[in-house]
Amino acid sequence: MFPSNLSIKAYSSLAYTDLLGTYQLQINPGSVVCSYGKDDFEGIEPKSANGGAIPPKLFTYFKESVSFNFTLDLTGVIPSVPDGMTSSEINYFSGLEDSIKKLKEVTINPLRSTHMPPYVHLIWGDISLKGFVGELGIEYTYFNSEGKAVRADISIKIEEFIDQNVIESKFQSPDITRIPTIKVGDTIPALCKEFYSDKKYYLKIAEINNLPSFRRLKLGEKLLFPPLEK
């Protein structure tokens, strides 16, 4: 197989740092369908600068999904062999079982530690999606004399995992409390412009954070930018 082939990496957590395994396609798909579905969910209940409650905001996010088909083949028509196998001549008699087993382990088999399927990361060229496998279909299309499948068409759908904290961070909304860490070049007026679309709130933010001056910021300190009633 070649490094440029589409691969699916499996992880046990949303941190995507604990790699469990990788499944790489024998043949790249002829097409990949990227879909975006509307997903509404209620955000956290925010508080205004004076402590009053603001009604929870209903966020609309278009969740991404990627679906494609690919083929596994042990007949010798394709020079390479499916992932999880070493030789087409040897595996022709045992069929695609080892490759299918590895595919399921990477995509849908529940983990002992979480009792949930792994989180996956699809990587191919400009396509990159983290989430979970929503659908996996296997159609066996050719068999050897022993009745073992030596060719199969696979269909798979990977759906983006919606994590509320991640989604809320993508919305530049004044209804969300933000606590940025001050870095070089940051100013309160500029951050107010970013978070509230108006820098006129710089004195209010300085007051909320008990700053003697809105111009005196320390690198690495965290400032509170709560929802403001306008």
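Here are the numbers:
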read-out	value
Any hit, the range 85-107, residues being within 26 Å of A15 (Cα to Cα) and of a type in the set (F, W, Y)	no
Tally, over the range 79-106, of residues that are touching a residue at least 60 places away in the same chain (Cβ under 8 Å), outside any loop (DSSP other than H, G, I, E, B), buried (at least 20 other Cβ atoms within 10 Å of the Cβ) and out of contact with any Gly (no Cβ under 6 Å at 6 or more places or on another chain)	1
Output for the range 107-127, where each listed residue is of a type in the set (A, V, I, L, M, F, W, C) and either without any contact (Cβ under 8 Å) to a residue 12 or more places away in the chain or loosely packed, with under 12 Cβ neighbours inside 10 Å (or both)	M116
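Quick note: the coordinates plus some simple rules give every number you see, no bench work behind them. Computed from a prediction, not measured in an experiment: that's the story for all the values here. Backbone-built Cβ (ideal geometry, glycine too); neighbour counts: all protein chains shown.
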